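**Student:** What follows is a structure written as structure tokens; I'll ask about it next.
The values are calculated or read from the model by the stated rules, or taken from the named source; none is laboratory data. From a predicted model like this one, the values you see are computed outputs, not experimental measurements. Ideal geometry is used to build each Cβ from the backbone, glycine not excepted, and the neighbour counts take in all protein chains shown.
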Amino acid sequence: MSDSPYANLPENRWEARTTELIQSHPLRSAELVEVVLSSWDSIFDSAIGTKGFTIGQHIFPKPQIMGFFLHELIPLELQERYPDVWRIDKTGDDKDLVYVPDASFSVEIKTSSHPTQIFGNRSYAQPASTAKKSKAGFYLAVNFEKFAPTRPRPRIRAVRFGWIDHSDWIAQRAATGQQARLAPIVYQTKLLLLYEP
């Protein structure tokens, strides 16, 4: 799947193509949602250190840390379930979740405490380099709530899955900007909503 599956398709056909791609993917949508929610619960069910400190009771990490935990736990959970089929990334060329039988089905994972959007770093919107992993392919997007005084147990806001092309990423205009974003049409047609509480 090195060429875009959306090549020469008008935008009004993108959502149908995304549905086809998701249906052809070896991970079923229901299991993907289950793994995300289970990984999120695991963060709160874990004890840290010899005193057994817990997240949400003693420790309230910043969103970047919560995203890091999700980013690590989701691939580990699938590797544990299917050790010969899925694995965590091992090199800079790997996607975050590697499908061993066919790398074209491997998945990049993006998490964000933003209510609806995900972000990449500026390199996502720059010309592709052969030295790094491809920015095109399947993406799992997870949005989650931040900790707040009235919210000691934040929730997953949304789980989306689909395909993003390298050209879908838009770099910040400022020369010092370090972020890349996606246009609304991408969320509507290429990252389909699998879960929302």
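**Student:** Counting just the residues of the stretch 168-188 that are assigned to a helix (DSSP H, G or I) and within 15 Å of Phe138 (Cβ to Cβ), which one comes out modelled with the highest pLDDT?
**Tutor:** Val186
**Student:** I would also like to ask the following. Suppose we keep only residues that are surrounded by 15 or more Cβ atoms within 10 Å (Cβ to Cβ) and modelled with pLDDT of 95 or more within the stretch 1-14. Which one would you say is farthest from Ser134 (Cα to Cα)?
**Tutor:** Trp14
**Student:** Let me ask another. Which ones in the stretch 125-167 are of a type outside the set (D, E, K, R), modelled with pLDDT under 75, farther than 28 Å from Gln23 by Cβ and loosely packed, with under 15 Cβ neighbours inside 10 Å?
**Tutor:** Gln126, Pro127, Ser129, Thr130, Ala131
**Student:** For the stretch 43-74, what are the residues that are surrounded by 13 or more Cβ atoms within 10 Å (Cβ to Cβ) and within 14 Å of the chain's Cα centre (by Cα)?
**Tutor:** Met66, Gly67, Phe68, Phe69, Leu70, His71, Glu72, Leu73, Ile74
**Student:** Glu77: surrounded by 11 or more Cβ atoms within 10 Å (Cβ to Cβ) and more than 25 Å from Arg155 (Cβ to Cβ), yes or no?
**Tutor:** Judged against the criteria, Glu77 is not a match.
**Student:** Mind checking which residues of the stretch 1-35 are farther than 14 Å from Ile164 by Cβ and among the β-branched types (Val, Ile, Thr)?
**Tutor:** Listed by number, the residues that qualify are Thr19, Val33, Val35.
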